[in-house]
Number of protein chains: 2
Amino acid sequence: MERVNSYRQIVRQLLTSQVNVDSGNSESEIECQLLFDSERDRYQLLEVGWEGLKRVYNCFIHIDIKDSKIWIQRNMTETDLAQELV
Amino acid sequence: MERVNSYRQIVRQLLTSQVNVDSGNSESEIECQLLFDSERDRYQLLEVGWEGLKRVYNCFIHIDIKDSKIWIQRNMTETDLAQELV
């Protein structure tokens, strides 16, 4: 349980750090969002908004913690998450 | 605040009801997931898994509550969410 709590903290920190990276160029009306579902242990980073008339909706990172393991469900960033999580 | 709490309950119920609809045909290794971020008031329904060798990752519904309003950020289902939410 102690280890899983540590995983949660690491995953949250990692995703939060990626928000700052991605929202560097914020000229458009695109919001970078974090979704942390503590109950289900699901953690996500996405962008949502408008680029002119075009709707933008992209999930960059999705990480689950299940069975005391970290599952990288999705990673569309250039960051090597597995490496970062070590 | 009372109204926002009511919104939260309605949104959670709506998304939960859609899980049951979508996971009717569960022959493949695809999991239908709910992400409820109560802290940030962000609510999502997605599917993630494998269809044979092909990775599947689709966000069907994403609803935010902000400024005491319900924002339908994404809806890839055939359900008229605005109508359901009334």
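Counting from the shortest, the label point at B:Val86, 7 Å from Cα toward Cβ, is 5.7 nm from the same position in each remaining copy. In nanometers and ordered shortest first, the copy-to-copy spacing of the A:Asn58 label point, defined 7 Å from Cα toward Cβ, is 2.1. Normalising by residue count, the protein assembly as shown has a Cα convex hull of 147 Å³ per residue. Here is the size of chain A from its Cα atoms: Rg then Dmax, 13.8, 47 Å. The long axis of helix A:2-22 is offset from the longest Cα principal axis of chain A by roughly 20 degrees. Sorted from nearest, the other copies put their A:Trp71 label points 2.9 nm away, the label point being 7 Å from Cα in the direction of Cβ. If R0 equals 25 Å, the separation of the Cβ atoms of A:Asn5 and B:Val4 corresponds to a calculated FRET efficiency of about 0.25.
Throughout, read-outs are computed from the coordinates displayed, never taken from laboratory work. Given the structure is predicted, the values throughout are model-derived calculations rather than measurements. In this analysis, Cβ positions are derived from the backbone assuming ideal geometry, glycine residues included, and neighbour counts consider all displayed protein chains.
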